[in-house]
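A short reminder: the numbers here are calculations on the coordinates, not readings from a lab. Because the structure is predicted, anything quoted here is derived from the model rather than measured. Methodologically, a virtual Cβ is constructed for each residue, glycine included, from the backbone with ideal geometry; neighbour enumeration extends over all protein chains shown.
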Amino acid sequence: MDKKTFYWGASTSAFQVEGGYGEGGKGIATTDVRKIPEGIADSKIASDHYHHLKEDILLMKDLGITLYRFSFNWTRIMGDGYEENQAGINFYNQLIDLCLENGITPFPTLYHFEMPQKYVDDFSGWQSRKCVDLFVKYAEICFRHFGDRVKNWGTINEQLIVSAATDLNGNHEANPDLKMKNMYQMSYHMSLAEKKTIKVFREIVKDGKIGPICSMQVIYPESSSPKDILAARNAQDFLQNCFLDMSVFGQFPTSYSNYLKNKGWYPDYDEEDIKVLKNNRPDFIGINYYCSTCVRALEDGEDNSQLPPFYRNELFTLGNNPYLTKTKWMEFGIDPEGLYIGMRDIYERYGLPMIVTENGLAFSDVLEGGEVHDHYRIDYFEQHINQCTRLITEGYPVWGYCPWSLIDLVSSHQGFKKRYGLIYVDRTDEDVRECRRIPKDSYYWYQRRIKLKD
Ligand code: BG6
């Protein structure tokens, strides 16, 4: 990335926006077969970006963005997972070339939640080291085909989520203890795959930059009680440091290692992995941020088995932050200053440049007389962009900002009821219609904001 240029971008991910199910040799992904509750849209059509590619890129151009953060569907590049699929490569060549022709820097992420279902069926996906090799093979194919024109790359999007979400990774183990062990093993394999991928990247895209895309965790203790303070530190280690320490330093935080060893959940590894992990550092860190998290110490006998797997331990549990405004879809609260706090901490720990790869507000937008008046989203963006300006003014290296999302897309678990886009897609969960594109008020606001530049 050119440090002199601040990238005003926008983000999507392939399985949430593309559609094009089964077209052009696309294989079956975990996200195609997962069980979706009745009345929620799946990824088969999504926002139909696959058939609206040119129109969407012209909308990006009119918006004035200089960077498009998207992801490759692993199953469009690799079909069922073992051989490259030329039609899929052609589709992304077209996407990349259209971006470049329109002055937009393409910024793909290799792995954004979607992967070949065949790997889950054949060898339990990331539970096996086979998945590490296949990921590196897939990444190498991408680097060879696109690395001449694409210089900025993301590796894994939100390892925290993708290692825990069983519908995305196929960890359907019934025994709860074994399921947790699998989660940590899968995450370890993802870290190893990331490092091996960076090694290959350096050989192929010599002038490129690559980095992980983290789900930034801004953790507050619910009170100033030492127990809650410790809970917050533990949460920071378990929800963020365990991934980024691996990405950057090639090692786990000590408290995390100790806990996993005590539980019998420490991942299996080979001695020769250590060198690969310690080397092959990334060039930057991608920051996904929606809200902060408040935690507290667990009470005696408290049951947390219903929480997402990464909260299922004795070290911390979810608390409540009374200082933040909460909404239906932003149940942890809206916290712009958290963006500043979290990015400052990440820079102090890792010393790497950062780019905001996702930041957005979910809302059930309403189309009224052909317009969407999403002033709530404009407020959210304005407040968060102000925090980026604050970071830059204070000397922190922030290279760009990408709202989530460019366009309405299938939310990771709530379909189209919950929308994030700058551009409205005229469809509902039940009725696909024509997927007509309608820029929202936030689109025009962002267009003006980009023109201001500073
Ligand atoms: C991030 C993901 O976790 O948050 C996106 O990278 C996702 O893929 C976004 O869509 C918002 O989450 P959700 O669950 O509201 O779609």
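Details
- Under 5 Å, built H, 5+ apart or other chain: amide partners of residue 333: 327
- Going from the fewest other Cβ atoms within 10 Å to the most, the residues 413, 52, 384 appear in the order 413, 52, 384.
- Packing-based ranking of 185-197, 66-78, 251-263, 338-350 yields 66-78, 185-197, 338-350, 251-263, ordered from highest to lowest mean Cβ neighbour count within 10 Å.
- Other residues lying with their Cβ under 9 Å from the Cβ of residue 31 contribute a combined charge of -3, Lys and Arg counting +1, Asp and Glu -1.
- Centre separation in Å (Cα based) which lies between the range 178-238 and the range 82-130: 22 Å
- Overall shape: rounded for the chain, with the ratio a/c of the largest to smallest alpha carbon gyration tensor axis below 1.5.
- Remark: for residue pairs 118/261; 418/440; 61/326; 206/275, the C-alpha separation exceeds 23 Å in 118/261; 61/326.
- Each peptide among 134-143, 54-63 gets the average number of other Cβ atoms lying within 10 Å of its residues, and from highest to lowest they stand as 134-143, 54-63.
- Burial ordering of 443, 269, 290, fewest other beta-carbon atoms within 10 Å first: 269, 290, 443
- Karplus 3J(HN,Hα) series, Hz, for the range 112-123 with 6.51 cos²θ - 1.76 cosθ + 1.60 (x for Gly, Pro): 10, 6, 9, 8, x, 4, 4, 5, 5, 5, 7, 8
- Label-to-label distance, nm, for residues given as residue 161 and residue 307 (7 Å Cα→Cβ offset): 1.9 nm
- Centre-to-centre separation between the Cα atoms of the range 318-377 and those of the range 12-51: 26 Å.
- Over the range 168-286, Cα pairs under 8 Å with separation of 6+ residues give a relative contact order of 38 percent.
- Peptide ranges 33-39, 271-277, 311-317, 20-26 listed from the most packed, as the mean C-beta count within 10 angstrom indicates: 311-317, 20-26, 271-277, 33-39
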